[in-house]
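Trainee: Below: one structure in structure tokens.
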Amino acid sequence: MAAFGSGSTVSRTFAPVRNWLLMPTWLTVGIFMLLPLLLILVYSFLTKEFRGGVIWEFSLAAYDQFIFDRGLFGDAEPSIEWTYINIFLRSLVQATVATLFCLLIGFPTAYFIATRPPSTRSLWLFLITVPYWVNLLIRTVSMKFLIRESGPLNQALLGLGIIDTPLEIINTNLAVQLGLFYSYLPFMVLPIYASVERYNFSLSEAGADLYAGKWTILRRIILPSIKPGIIAGCILVFVPSLGAFLAPDLLGGAKTFMIGSLIEEQFKGNAGNWPFGSAASMILLSLVLFVLLFYARSQAREQL
Amino acid sequence: MDRYAYSKRFDVKRYPGFLLITMVCLLILYAPLLVVMVYSFNDSLSITKWGGFSLRWYVDVFTGLEAEKYKRAAWNSLSIALMAATVSTAMATAAAIGMVRGGQFKGKSLSFGLISIPIMVPEIVTAVAMLIFFSTIGLTLGYGSILIAHIVFCIPFAYLPIAARLQGIESSYEEAAQDLYANRWKTFRFVLMPILFPGMLSGFLLAFIISLDDFIITNFIKGAGVETLPTAIFGAVKQGIKPNIMALSTLMLLFSVLMVSLSYIIGRTDRSVDSKSNKD
């Protein structure tokens, strides 16, 4: 976040017109982003209209529907409704597993690249980042094509005689995790790479001189030193995974429904429920803000 | 000699298996894209069997039954990306100068927060927020609403490289211009902008790619009848992956790679200019 302001060189040239320079951005983001976010909060407390849209009447129905089951006509004894809570829990688990996957593959990759000679380093980085710039939809569709039941992956494995029956990866949790991993892996590699690049390898030497083994050095010296990079990478993968829509929608099935799909469903066509979708969005947004606040606090502690 | 025996026991930088994992990583990243590229040249109606090399699906993209639809979608995507990137880069440049060169002022961190909202909020929430907002104020969904949305979420992406570049530029250039009686606009146009230009260019390219890439937000607020390339492809894929989609995907993929390579090369020449000016 160093790029956000706090320049050390302060000239007075543009200071008098500062507000005029910032005004277009303030207005644009304020009107078309901040105001709409506040509107979601308002909508989540309104009454649903049956053909999509809302009636301007205060109601807690959206949040109530999230937690309680009151029967088809709303007069039954309320019991806990697990459907939506489970979707949120599943999303949390999926995002966590995808983050761990990314860490497991991303850390060694980042470390490997950071220890290359400077001349080849930027080429390795380039190779890692190129797929990220390819359209996310196209990447997800490509993944679907590769792993579907009669797809090239299964054909190759069958052809090589490694398996007898095609692997059923598509429409499973594994497929969704693979999609999330594939979508956000560069977000894990880049911050860890930046940390390893700044790591002072004489610390490793010192550890070796004191008879520490390779893996002890990794665990006790390297990992603690690059912790900020690891945390940043985990957050950059976890946050977008939590609200992901394309990977669960294209690679998953009914059993892998995540928050993103739940929200999308509430706003498509006439069957939707705008207040309920707004409430789900608010809950997702709170989860994300919670993670970001946790990150900001850990950063602040790091700097003390 | 004995002292070195144990420090030379192993190379502390190297870990066994890390090269292998890096290769696995690259394999996972590239395999799906390469497979789609290869199958886009498949001369067969079936997407499963290989029927020899052919360019028929590329011909189909440009002249087939759905060619008109994809052409319109491509036009929408490119024109929106171009305008959104231009407008957001202009706003982000002004904002970056205000933030980095504006001195300390009240509400500075609030201002940072505001600019970075579109990056921090999950895309699906942004999509919902904009849909609700546009329908509340009664704006008809379509080309206009897509353009507004794209300008908004491109701002932070354009802002970051520009602000980063601006922080690396000493303010003595502007002060010198001011001393020579240049007004504020001339100071920006003839002194600051030429030095800031690489930052503005990478901000523009980033915003352009982000806009072309967007599916979720566009899908929510596009309204009926207006499609961009991602929404058109998504609609087609819902009915199954057809070979012409693979050809179209390959074309878009190559376009992205071209853009990234371009910004990579610009970044490199920019750095060589920097090191030269440092030597002077």
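Trainee: If you check every pair at least six apart or on different chains, which have Cβ atoms under 7 Å apart with a residue in the range A:28-50 that is more than 7 Å from every other protein chain (Cβ to nearest Cβ) first and a residue that is of a type in the set (S, T, N, Q) and surrounded by 16 or more Cβ atoms within 10 Å (Cβ to Cβ) second?
Mentor: Once the first residue is more than 7 Å from every other protein chain (Cβ to nearest Cβ) and sits in the range A:28-50, its partners that are of a type in the set (S, T, N, Q) and surrounded by 16 or more Cβ atoms within 10 Å (Cβ to Cβ) give A:Ser44/A:Ser278; A:Lys48/A:Asn273.
Trainee: Then there is this: Could you tell me whether B:Thr136 is open to solvent by 50 Å² or more (accessible area, probe 1.4 Å), within 10 Å of chain A (Cβ to nearest Cβ) and assigned to a helix (DSSP H, G or I)?
Mentor: yes
Trainee: Mind checking which pairs have a first residue in the range A:276-299 that is under 19 Å from A:Thr96 (Cβ atoms) and more than 10 Å from chain B (Cβ to nearest Cβ) and a second that is of a type in the set (Asp, Glu) and assigned to a helix (DSSP H, G or I), Cβ under 7 Å, 6 or more apart or different chains?
Mentor: So the pair list comes out empty.
Trainee: If a residue must be open to solvent by less than 10 Å² (accessible area, probe 1.4 Å), of a type in the set (A, V, I, L, M, F, W, C) and within 11 Å of B:Val128 (Cβ to Cβ), how many such residues does the range A:277-293 contain?
Mentor: The qualifying residues number 3.
Trainee: Restricting the search to the range A:95-143, which residues are of a type in the set (Lys, Arg) and either assigned to a helix (DSSP H, G or I) or under 16 Å from B:Val257 (Cβ atoms) (or both)?
Mentor: A:Arg121, A:Arg139
Trainee: Search the range A:60-74 for residues that are within 23 Å of A:Ser281 (Cβ to Cβ) and free of Cβ contacts under 8 Å to residues at least 12 places away in the same chain and pair each with any residue that is open to solvent by less than 70 Å² (accessible area, probe 1.4 Å) and assigned to a loop (DSSP other than H, G, I, E, B) when their beta-carbon atoms are under 7 Å apart and the residues are at least 6 apart or on different chains.
Mentor: A:Arg70/A:Ala76; A:Arg70/A:Pro78
Trainee: Out of all the residues in the range A:249-265, is one or more open to solvent by 20 Å² or more (accessible area, probe 1.4 Å), touching a Phe, Trp or Tyr at 6+ places or on another chain (Cβ under 7 Å) and charged (D, E, K, R)?
Mentor: For the range A:249-265, residues open to solvent by 20 Å² or more (accessible area, probe 1.4 Å), touching a Phe, Trp or Tyr at 6+ places or on another chain (Cβ under 7 Å) and charged (D, E, K, R): present.
Trainee: Now, a different point. Every residue in the range B:143-176 that is open to solvent by 50 Å² or more (accessible area, probe 1.4 Å) and among the acidic types (Asp, Glu), please.
Mentor: Residues satisfying the conditions are B:Glu170, B:Glu175.
Trainee: Same structure again: Is it the case that the range A:72-89 has a residue that's under 30 Å from B:Phe220 (Cα atoms), open to solvent by 70 Å² or more (accessible area, probe 1.4 Å) and not in a helix (DSSP H, G or I)?
Mentor: The answer is yes; a qualifying residue exists.
Trainee: Okay, next question. Checking the conditions here, which among A:Leu210, A:Leu167, A:Leu203, A:Leu123 is open to solvent by 60 Å² or more (accessible area, probe 1.4 Å), farther than 30 Å from B:Asn244 by Cβ and in contact (Cβ under 8 Å) with a residue 12 or more places away in the chain?
Mentor: Just one listed residue meets the conditions, A:Leu203.
The values are calculated or read from the model by the stated rules, or taken from the named source; none is laboratory data. What you see is a predicted model; the values in this text were computed from it and never measured. Every residue, glycine as well, gets a Cβ built from its backbone with ideal geometry; the counts of neighbours run over all protein chains shown. Only protein heavy atoms, including side chains, enter the accessible area calculation; ligands, DNA and RNA are left aside. Shrake-Rupley method; radii C 1.70, N 1.55, O 1.52, S 1.80 Å.
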